[in-house]
Amino acid sequence: MDQRKEKQIEQNRNKNRSFHANRFDHAYSRIGDLTYEYNADTGLAYASPVRGVWNIVHIATLVPEGHQIFVCPTSCLRGVVLTTAEMGAMDKLSTITVGEDNILEGDMEEMLYAGTERIIRELPRKPRMIMIFTSCIHHFMAVNYHRVYKLLQDKYPEIDFVDCYMDPIMRRTAPVVPSLWRQLHRALKPVDGLNLKQVNLIGNCFPHKKESCDLTALLYNNGINIVELNSCRTYDEFQTESESCCNFIFHNHGIKAAKDMEIRLKQKWYKLRPGYSYEEYDQDLMEISRMLGISPPSIRELEELKSRVEDKVEETRRLFNGLPVSIDYTAVDHPLELALYLIRHGFRVESVYVDVFTERQEIFESLKEKNPDLKIYQTSGWNMRQMDRHRKEKILCIGQKAAYFNDSNHFVNVIENEGMYGYRGILTLMEAMVQAYKEEKPMKELVQIKGWGCNCI
Amino acid sequence: MSDYQTHVFTCTYTADVSGVCSAMYELGGMTILHDPSGCNSTYSTHDEPRWYEEKSLMFISGLDEMTAVFGDDQVLIDDVVHAAGDLNPGFITLCGGAMPHIIAFDYKGVAHLIEQETGLPVIPVPTDGLKSYISGVGKALTAWIKRFANREERGEGLSVNLLGVTPLDFSINGNVESMRREFEEAGIPVNCCAAMGEDFESLSHIYKGTVNVVVSSAGRRPARYMERMAGIPRVEGIPMGRNMSHKLMDAVRTAYEEHRNVILYEENEDHDRWTVPQGQILIIGEEIFAQTLAAAINTLEPEKRYGLTAYALWPDVDEGFPERELIQAMRQAGIVIADPLYKVVLREKDRTVFVPFPHEAYSGRIYRKEIPLFAGSEFKPEILFQHVNMNK
């Protein structure tokens, strides 16, 4: 290749680097060198072997007596079908494959209608709810699927048909998981008079137990009944969510559902802050007590909890004795805030694995100031594929991705906070960290299990 | 009319995009799946057993709504150029799913532009996410051979290329090594195995092989291409069990000496009607595997196969299979040999005996540890019937 050509190629490479100013030329970047606008969801994406995070199939399988129909090209179906097969739940999913002839002839509506009818006819039991997932291609082909659902609903009034979406092409404006949580709750119908002694926790893959969640403890102590989709055994039980007076959300992806239910079912909602601020916990619990008209936790009770947490954190810090810690975004919703909390308590946090900053800017700035050398890894970046994962020094990881990329068997194996919130949440997390410190786990096997902890398995 | 599209109970075969990645995995390149999301994690989770241990470069482009609407291919070009600058692959493969297909993405043109900017060879493989892996593997291997193999080379004496070899059909449990060994022990050198256990350099000498052995239907496309370009004859079949292995070696020698194509088995002409004679043995799987296994069983003494005859059915590359007809065929069969995920369609009252034979391209990693070593003389087809109780 001549010199002129080589120079041109080098110039092109440099030009293109400028388009990706927020990407790394290596596997990580110092937080001190980053801006709050950092977002790794640009450019080519790498999929690590870590598969614990639930996908839409896992979530939809939570609906008791429900059935999913995915209408997609073969390449999209393969993933959802095998997710279901691995759960041993193939009786809860059917598929309709989009073919070349459907694209050319524009008969997607007819195919959808005929396919769904056949599925209903041939299933051994009629499902109570059918979730029909259309895909990217349907948006671009302007398929009138709502017309099809109306016809189906008229013909089978005993089944609730819900339009769901597996359309990652829309992920920047309408990500699939928040959309799914909203759609699942569309099957709930308005009732006369809400039950002031019942609330819903929505948007959660894992149940919130009173031992590890301050909200559940508060509600339990005040005799408030809690309904969570992940714990419902029957469709009728799930339907009772429409009677609840209030919806509580822990994760951002539940907000769409809460807003929708406020409009349709007249249910109030409140988003808790599952970070690591004592002040926010207290505010959340006080506000919720006010909303429900129940006794708030006493100052003494809160102080006692705070004291227990501080003792436990200090005990853990002493045990770790300078051991490096790594955190990832799949384990907790607020990885930066957890890093800041641990650093302030004397832990040696070495790295955070996160693809986009969704926490408040002040958290980011405080962390940047406190520890500018903190390593930030983007888990989907192409350079992660070539990263040397092996390390000699022991490291304690919080989350599967941190464990995989640090090649560590000492890790806290949790997804999406796993029901931890508040003081009790921190106590549970600290206990899990101590366990992870003391005992190794078979990381390679565990992280490759799809939808970790999915109770449908 | 048959309904190929609605599957009430059954699973989906690996798609063409995963087939491309699988074929390119060991050749030192970087493969780009042009699609919104999901194809890469599906591939790396269910279709690629080498993902955890071997660092091959496979990425998804993350096509989004606005980029698709505006047809802004420059986004992809910039991303690939930047990644290639960091990772320095030997070459780049560009394939994609359904969305690029419906927006008429120009694979060839974009490959040319990336090549101009990086100085690296880029091979376009215009998949559409609508077909099975057979199409993807075949297209990818053909494109690779077309671009990189040394077409001027010719081998002397008999040697074979094994075509269509990926973990999707042969897993990573020793089938490929066993297949190679079988030829070597018969005195027939294996020139290339496309594409497992080879690297870029070794596979570039593929034209030195004097007979192509198509061991999966994914290998037909490159075999036909090489036949057209260099007159290399092909043989279709797998060395599966002693009898079929001997037959295959004879067929390879015949192909070499008489310079003609040979198929190891009699093809099931009723395949298109999705029927097999009632009460017999039905094998479901990849075409060449299923037909070879049927032939291997039929070479057994009748008492070892309950006096039954084996027939093969396999999914269509474009359409898959019509579930209703397939279920009917399964329920009427005496014995069904198929991936365990097919068993779900049999009812209590069906008298069919089901023999599980896992296939990575169907059930992915679920039954990987139970995939038998079926290539080589050591395989005994009769062991498939050792737990069969025909008095059920």
### Query
If you keep only loop residues by DSSP, which trypsin sites (Lys or Arg not before Pro) in segment B:299-390 have at most 16 other Cβ atoms within 10 Å of their Cβ?
B:Arg347, B:Lys349, B:Arg351
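Structure shown: which of B:Lys208/B:Lys247; A:Lys189/A:Lys256; B:Lys139/B:Lys369; A:Lys189/A:Lys266 lie over 20 Å apart, alpha-carbon to alpha-carbon? Show your work: numbers first, answer last.
Working: B:Lys208/B:Lys247 23 Å; A:Lys189/A:Lys256 17 Å; B:Lys139/B:Lys369 29 Å; A:Lys189/A:Lys266 11 Å.
The answer is B:Lys208/B:Lys247; B:Lys139/B:Lys369.
Taking only complete DSSP H runs, can you tell me which helices of chain A stretch 18 Å or more along their own long axis by Cα positions and average at least -0.5 on the Kyte-Doolittle scale? Intermediate results must be reported in sequence, preceding the final value.
Numbers: long enough: A:3-19 (25 Å, -2.75); A:74-87 (20 Å, 0.78); A:108-122 (21 Å, -0.47); A:278-292 (21 Å, -0.87); A:299-320 (31 Å, -1.12); A:422-438 (24 Å, 0.25).
Helices meeting the span and hydropathy rule in chain A are A:74-87, A:108-122, A:422-438.
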### Task
Work out the FRET efficiency for A:Asp33 and B:Lys55 from their Cβ-Cβ distance, taking R0 = 35 Å, and round it to the nearest 0.05.
0.85
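Do any GluC sites (Glu not before Pro) in segment B:144-186 lie in a loop, going by DSSP, with at most 14 other beta-carbon atoms within 10 Å of their beta carbon, and if so which?
Values: sites: B:Glu152, B:Glu153, B:Glu156, B:Glu177, B:Glu182, B:Glu184, B:Glu185; in loops: B:Glu152, B:Glu153, B:Glu156.
Filter output for segment B:144-186: B:Glu152, B:Glu153, B:Glu156.
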### Message
Tell me which of B:Thr275, B:Val252, B:Gly237 sits at the most positive position along the dipole axis of segment B:228-292, charges placed on C-beta atoms (Lys, Arg +1; Asp, Glu -1).
### Response
B:Val252
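Find me the longest stretch of chain A that has none of the exposed trypsin sites (Lys or Arg not before Pro), where exposed means in a DSSP loop (not H, G, I, E or B) with at most 14 other Cβ atoms within 10 Å. Show your work: numbers first, answer last.
Values: sites that count: A:Arg125, A:Arg172, A:Arg233, A:Lys266, A:Arg389, A:Arg391, A:Lys392, A:Lys394.
Longest run free of exposed loop sites: A:1-124.
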### Query
Please state the relative contact order of segment B:249-392 as a whole percent: Cα pairs under 8 Å, 6+ residues apart?
21 percent
### Summary
For A:Lys209 and B:Gln278, extending 7 Å from Cα along the Cα-Cβ vector and measuring point to point gives, in nm, a value of 5.7 nm
### Task
Can you spot the lysines whose alpha carbon is less than 17 Å from A:Lys126's alpha carbon? Ignore those fewer than 8 places along the same chain.
A:Lys92, A:Lys155
### Query
Across peptide B:55-66, what mean number of C-beta atoms from other chains lies inside 10 Å of a residue's C-beta?
6
### Task
State, to one decimal in nm, how far the label point of B:Gln328 lies from the label point of B:Met66, with both points 7 Å from Cα in the Cβ direction.
5.2 nm
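What percent does the relative contact order of segment B:160-263 come to when contacts are Cα pairs within less than 8 Å and at least six residues apart? Write out the running numbers ahead of the final one.
On the way: 164 pairs, mean separation 29.2, N = 104.
So the answer I get is 28 percent.
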### Query
What is the spin-label model distance, in nm, from A:Asp163 to B:His205 if the labels are put 7 Å beyond Cα along the C-beta direction?
6.0 nm
### Task
Any chance you could give the angle, 0 to 90 degrees and rounded to 10, that helix B:323-332 forms with the longest Cα principal axis of chain B?
20 degrees
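If r is the Cβ-Cβ distance from B:Glu303 to B:Val344 and R0 is 35 Å, what FRET efficiency results, to the nearest 0.05? Don't skip to the answer; put the middle values down first.
Values: r = 31 Å, r/R0 = 0.89.
Once rounded, the FRET efficiency stands at 0.65.
Applying 1/(1 + (r/R0)^6) with R0 = 41 Å to the Cβ-Cβ distance of A:Glu262 and B:Arg351, what FRET efficiency is obtained, to the nearest 0.05? Before the final figure, lay out each step's value.
Details: r = 57 Å, r/R0 = 1.38.
For A:Glu262 and B:Arg351, the calculated efficiency is 0.10.
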### Placed amide H near B:Ile92: partners under 5 Å, 5+ positions off or other chain
B:Met30, B:Val122, B:Ile123
## Note on the structure
Mean per-residue count of partner chain Cβ within 10 Å for B:130-141 equals 2
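Which GluC sites (Glu not before Pro) from segment B:34-123 combine a DSSP loop assignment with at most 12 other Cβ atoms within 10 Å? Write down the numbers at each step before the final one.
Details: sites: B:Glu53, B:Glu54, B:Glu65, B:Glu115, B:Glu117; in loops: B:Glu53, B:Glu54.
Qualifying residues, ordered by number: B:Glu53, B:Glu54.
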### Structure-based [θ]222 nm, the protein assembly as shown - -39500 (n - 2.57) summed over DSSP H runs of at least 4, per residue, nearest 500
-11500 deg cm²/dmol
## Note on the structure
Expressed as a percent, the accessible surface of the protein assembly as shown that is carbon or sulfur, using a 1.4 Å probe and the full set of protein chains, is 48 percent
## Note on the structure
Relative contact order in percent for chain A (Cα pairs under 8 Å, 6+ apart) equals 21 percent
### Summary
Of A:69-76, B:288-295, ordering from highest average Cβ density within 10 Å down gives A:69-76, B:288-295
### Message
Show me you know the interface measure: the accessible area buried between A and B, both chains summed, probe 1.4 Å, in Å² to the nearest 100.
### Response
6300 Å²
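Give the shape of segment B:269-385 as rounded, prolate or oblate, defined through the alpha-carbon gyration tensor: a ≥ b ≥ c are the square roots of its eigenvalues, a/c under 1.5 means rounded, and otherwise the shape is prolate if a/b is larger than b/c and oblate if not. Don't skip to the answer; put the middle values down first.
Working: a/c = 1.33, a/b = 1.09, b/c = 1.22.
Note, shape of segment B:269-385 comes out rounded.
The values are calculated or read from the model by the stated rules, or taken from the named source; none is laboratory data. None of these values were measured; they are calculated from a predicted model. Glycine also receives a Cβ, built like all others from the backbone with ideal geometry; neighbour counts cover every protein chain displayed. Side chains are part of the model used for accessible areas, which takes the heavy atoms of the whole protein and leaves out ligands, DNA and RNA. Shrake-Rupley method; radii C 1.70, N 1.55, O 1.52, S 1.80 Å.
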